[in-house]
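One structure is given below, encoded as structure tokens.
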Amino acid sequence: MNRPTVFVTQEVMVRESNGDLRRKFDLSKAEKYGDVRVLVPHGQSLVSSVPVVRQLNEQLRDFTSDDFLLPLGDPAIMAAAAAIASRNTNGVLNVLKWDRRAGTYLNVRIDLSGKAL
């Protein structure tokens, strides 16, 4: 059986005082859920939706109900990725949410169909 994938909606970067860019969030704790894969690079936005939606459709074409979505970055990209992923899973999504108190990601299973999980 293949290991699930954690699809990170967008790479979020911050600029250091010396001008270098670094990842804003440490994604290592998300690796316990699966292989981490970033969908959209830092700096790309959904102002012109066609190219980004086309890119998301391509990258999420094999998204299954065993995979996870980790929403980071542009809210419009997060929404588009969730819509595309849920289309592939009949409305069932595993969404990773950061819990500050526990210092880890929690899986929030969302059923958009309204049926019991």
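The values are calculated or read from the model by the stated rules, or taken from the named source; none is laboratory data. All values derive from a computational prediction rather than experimental measurement. Reconstructed Cβ throughout: ideal geometry from the backbone, glycine too, with neighbour counts over all protein chains shown. When the accessible area is computed, the model is the full protein with side chains, heavy atoms only, and any ligands, DNA or RNA have been set aside. Shrake-Rupley method; radii C 1.70, N 1.55, O 1.52, S 1.80 Å.
Restricting region 6-24 to residues that are part of a loop (DSSP other than H, G, I, E, B) and in contact with a strand residue (DSSP E or B) (Cβ under 8 Å, 6 or more places away or on another chain), the residue that is most open to solvent (accessible area, probe 1.4 Å) is Lys24.
For Val95, indicate whether it is open to solvent by 40 Å² or more (accessible area, probe 1.4 Å), in contact (Cβ under 8 Å) with a residue 12 or more places away in the chain and in a strand (DSSP E or B). No, not satisfied.
Can you pull out every residue in region 1-30 that is basic (Lys, Arg), within 27 Å of Ala83 (Cβ to Cβ) and at pLDDT below 90?
First, the residues of region 1-30 that are basic (Lys, Arg): 3, 15, 22-24, 29.
So of that shortlist, the ones also within 27 Å of Ala83 (Cβ to Cβ) come out as 3, 23-24, 29.
Within region 1-30, Arg23, Lys24 qualify.
Across region 82-91, the qualifying residues are those that are among the polar types (S, T, N, Q) and assigned to a loop (DSSP other than H, G, I, E, B), and the one among them that is farthest from the chain's Cα centre (by Cα) is Asn90.
Note on region 62-88: residues that are under 19 Å from Asn2 (Cβ atoms) and either modelled with pLDDT under 95 or of a type in the set (S, T, N, Q) (or both) total 4. Number of residues in region 68-81 that are in contact (Cβ under 8 Å) with a residue 60 or more places away in the chain and either in a strand (DSSP E or B) or surrounded by fewer than 23 Cβ atoms within 10 Å (Cβ to Cβ) (or both) equals 7. The set of residues from region 36-54 being modelled with pLDDT of 85 or more and surrounded by 14 or more Cβ atoms within 10 Å (Cβ to Cβ) comprises Val36, Val38, Leu39, Val40, Val52, Val53.
Of everything in region 98-109 that's among the charged types (D, E, K, R) and either over 17 Å from Phe25 (Cβ atoms) or outside any strand (DSSP E or B) (or both), which residue is most open to solvent (accessible area, probe 1.4 Å)?
Arg101
Exactly one residue among Val53, Val36, Val92 is farther than 21 Å from Arg3 by Cα and touching a helix residue (DSSP H, G or I) at 6+ places or on another chain (Cβ under 8 Å), and that residue is Val53.
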